[in-house]
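The values are calculated or read from the model by the stated rules, or taken from the named source; none is laboratory data. Because the structure is a prediction, the values reported are computed rather than measured. Backbone-built Cβ (ideal geometry, glycine too); neighbour counts: all protein chains shown.
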Amino acid sequence: MGNDSFFIKTKQDEYRARNVVIATGPFQNPNIPLFSEDIHGSINQLHSSQYKNSSQLLDGNVLVVSYGQTEILFLEKKIQKKGDPIFGFELKHTIKTNDVKVKKRLIGVDKDLLIFEDNTTLKVNNIIWVTGFKHDFHWWKMDGILDREGKVIHSRGVTNTKGLYLIGLPWQYRLGSALLQGIGYNSKYIANKIEDGSPSL
């Protein structure tokens, strides 16, 4: 950045702009716990973004680990033989029939033995990480726009750098800000800020 403009370099060309709106969204890199690297190689691990159907699973049980939840699901056997997702009443039914067991938070691993918050352990054949995604801002060659946790400093998409804006972050303004149905409100807001020449934070 220089002379009140941004320098953008791509594989095809180079550009300069006074305003840049970054709309890369939140679904960039799978967010998988670091201790997954210590899990024994005989256990099949998939992120939810990779999972298509049960043919990707090894024979045996499946552990579904959900991000931000105090409990996770342990599937005694593959119950998605037809590749259908498990939602709502179907999931409740499988829990009642004991095809799916609810486990406490996964906190660690000892080779092929998984350790849970209530000090119970379990051996599994498959793990599906439903743990969301994390942002990747390594390509931003600017200082002072990220906080200590690596999150962008902004207010409703307006950053602390003049001319730099964001669209599509989770909870940027409301629950649906990261979804296609919800970005319209933020897009209109940012467009007005650019047109008005509003200053940064």
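Are there any pairs with C-beta distances below 9 angstrom linking a residue in region 33-44 that is in contact (Cβ under 8 Å) with a residue 12 or more places away in the chain to a residue that is of a type outside the set (A, V, I, L, M) and assigned to a helix (DSSP H, G or I), with the two at least 6 apart or on different chains, and if so which?
44/56
Restricting region 108-130 to residues that are over 21 Å from residue 42 (Cβ atoms) and under 24 Å from the mean Cα position of the chain (by Cα), which is surrounded by the fewest Cβ atoms within 10 Å (Cβ to Cβ)?
Top of the filtered list is 117.
Given the residues 162, 141, which is the only one that is under 23 Å from residue 28 (Cα atoms) and either surrounded by fewer than 19 Cβ atoms within 10 Å (Cβ to Cβ) or of a type in the set (Asp, Glu) (or both)?
When all the criteria are applied, what remains is 141.
When residues of region 165-185 are filtered for being over 20 Å from the mean Cα position of the chain (by Cα) and surrounded by 13 or more Cβ atoms within 10 Å (Cβ to Cβ), how many remain?
Residues meeting the conditions: 2.
Identify all residues within region 13-34 that are part of a loop (DSSP other than H, G, I, E, B), at pLDDT below 90 and more than 16 Å from residue 132 (Cβ to Cβ); write none if there are none.
So the first thing to find is which residues in region 13-34 are part of a loop (DSSP other than H, G, I, E, B), and the list is 13, 18-19, 23-28, 31-33.
Subset that is at pLDDT below 90: 23-28, 31-33.
Scanning region 13-34 gives a single hit, 23.
Suppose the filter is in contact (Cβ under 8 Å) with a residue 12 or more places away in the chain, outside the structural domain of residue 40 (by TED's automatic domain parsing) and over 30 Å from residue 63 (Cα atoms); does residue 156 pass it?
When the stated conditions are applied, residue 156 passes them.
Among the residues of region 167-185 satisfying the criterion of being touching a residue at least 12 places away in the same chain (Cβ under 8 Å) and in a helix (DSSP H, G or I), which is nearest to residue 25 (Cα to Cα)?
178
When residues of region 144-159 are filtered for being among the hydroxyl-bearing types (Ser, Thr, Tyr) and surrounded by 13 or more Cβ atoms within 10 Å (Cβ to Cβ), how many remain?
Filtering region 144-159 for residues among the hydroxyl-bearing types (Ser, Thr, Tyr) gives 155, 159.
Narrowing the set further to residues that are surrounded by 13 or more Cβ atoms within 10 Å (Cβ to Cβ) leaves 159.
Summing the residues that are among the hydroxyl-bearing types (Ser, Thr, Tyr) and surrounded by 13 or more Cβ atoms within 10 Å (Cβ to Cβ) in region 144-159 gives 1.
Tally the residues that are outside any loop (DSSP other than H, G, I, E, B) and of a type in the set (A, V, I, L, M), restricting the search to region 144-158.
3
From 141, 188, which residue is over 30 Å from residue 43 (Cβ atoms), outside the structural domain of residue 66 (by TED's automatic domain parsing) and part of a helix (DSSP H, G or I)?
Only one candidate qualifies: 188.
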